[in-house]
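Visitor: Would you mind keeping the following structure in view while I ask a few things?
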Amino acid sequence: MELGLNNKVVLVTAASKGISKAIAQEFSSEGSEVIITSRSMENLHSASKEIEQITGKKIHAVRCDLNSKEDIQSVFMFLIEKFGKLDVLINNCGGPSAGFFDELPDESWEFAYKQVLMSAVRFIKLALPQMKSNNWGRIINITSISALQPVDNLILSNTFRAGLTAFSKTISEQVAKMGITVNNIAPGYTLTDRVTELIKKRSEQNMISEEEVLSNMVKNIPMARMATPSEIAASVVFLASERASYITGITLHADGGYIKGLF
Ligand code: NAD
């Protein structure tokens, strides 16, 4: 299937590791010009090198703390100076702190608000004017199953990801006539390095095998396994493609059937 992503300019945020690094690689394999951001230049360089070795295409790395408005503006200035446009914006961020309502101080709420909601709002605000002038654009937010079905100890993620989903739906309607689509991907449990570390830690803490930890984690997933980062990346690339031109305002569940709701 021809996805029409060759030479598209694609920004993937928080992409030195995990799901977003796999997304950057998938776009690079499609021939896109990919810009990745993260807080650490060292991690960005190693991610760029790894992807470049696989795809043979240059990856552009820019440092950006998503909680900083100034950093977000500099990333945008960099890519407009270098490429003159942005075609595809992938808003990803690190997961907000876990915790129950009683345990979280105001500072955690303020941090998560900037990290999850405001980072996406700020990038979208910068991206839209030139996507409108090109009459083409794709915006995809990486959210979570927590936006669809609250997870007990993830109240920050539940709250701000639901907010981002509502924001995106609103914006999607306002730009739909201009060739711009705005969608979300809600990944279910995905076996990134961070999750592998978590499994190791739980196995040590509870003195059970890593296999047992993993099988407890997947017991409510109909597919009985976690996603690979590249499976999530494939859904993102499809939504960004020319072939997904009539899909906007949705949240695509990439969760192995975990969410039980009909929509
Ligand atoms: P990860 O921890 O492996 O990668 C997150 C990336 O975000 C890293 O590169 C990290 O350096 C970067 N980052 C964190 N805070 C940042 C900040 N303030 N500024 C810039 N960069 C920052 O995460 P992942 O497992 O790939 O997950 C990606 C997203 O998907 C997260 O928001 C996560 O909550 C969500 N998600 C993950 C899963 C899963 O099982 N892995 C499931 C559902 C949702």
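The values are calculated or read from the model by the stated rules, or taken from the named source; none is laboratory data. None of the values given here were measured: they were computed from a predicted structure. So basically every Cβ, Gly included, is an ideal-geometry build from the backbone, and we count neighbours across all protein chains shown. Side chains are part of the model used for accessible areas, which takes the heavy atoms of the whole protein and leaves out ligands, DNA and RNA. Shrake-Rupley method; radii C 1.70, N 1.55, O 1.52, S 1.80 Å.
Visitor: Hey, can you grab everything whose amide H is under 5 Å from the amide H of Asn153? Only 5+ residues off in sequence or another chain; H modelled, so Pro and N-termini drop out.
Guide: Hits under the 5 Å cutoff: none.
Visitor: Please work out the average accessible area per residue across the chain, using the 1.4 Å probe convention, and give it in Å².
Guide: Averaged over the residues of the chain, the accessible area is 50 Å².
Visitor: Quick one: Cα centre-to-centre distance for the stretch 151-198 and the stretch 53-72, in angstrom?
Guide: Result: 20 Å between the Cα centres.
Visitor: I would also like to ask the following. Mind giving me the nanometre distance, one decimal, between the label points for Gln53 and Asn6, set 7 Å out from Cα along Cα→Cβ?
Guide: 2.8
Visitor: Let me ask something additional. Ignoring any ligand, DNA or RNA, what whole percent of the accessible area of the chain comes from carbon and sulfur when the probe is 1.4 angstrom?
Guide: 52
Visitor: When the Debye formula is applied to the Cα atoms of the chain, each taken as the same point scatterer, what base-10 log of I(q)/I(0) results at q = 0.12 Å⁻¹?
Guide: Cα-only, vacuum Debye calculation for the chain: -0.71.
Visitor: Can you pick out the pairs among Lys58/Lys82; Lys85/Lys132; Lys8/Lys58; Lys58/Lys132 whose Cα atoms lie more than 19 Å from each other?
Guide: Table pairs above 19 Å Cα-Cα are Lys58/Lys132.
Visitor: Moving on. Summing Lys, Arg as +1 and Asp, Glu as -1, what charge do residues with Cβ under 15 Å from the Cβ of His60 carry, His60 excluded?
Guide: +3
Visitor: Can you compute the charge dipole magnitude of the chain about its Cα centre, using +1 on each Lys and Arg Cβ and -1 on each Asp and Glu Cβ, nothing else charged? Give it in debye, rounded to the nearest 20.
Guide: That gives the chain a dipole magnitude of about 720 debye.
Visitor: Hey, rough spin-label estimate for Asn153 and Ser230, points 7 angstrom out along Cα→Cβ, what's it come to in nanometres?
Guide: The two pseudo-label positions are separated by 3.2 nm.
Visitor: Next question, about the same structure. Please identify the longest segment of the chain free of exposed trypsin sites (Lys or Arg not before Pro), where exposed means a DSSP state other than H, G, I, E or B and no more than 14 other Cβ atoms within 10 Å.
Guide: Free of exposed loop sites, the longest segment is 59-218.
Visitor: Ok, one more. Between Ala166 and Ile208, how high is the FRET efficiency from 1/(1 + (r/R0)^6) when r is the Cβ-Cβ distance and R₀ = 35 Å? Nearest 0.05.
Guide: Once the sixth-power term is evaluated, E becomes 0.35.
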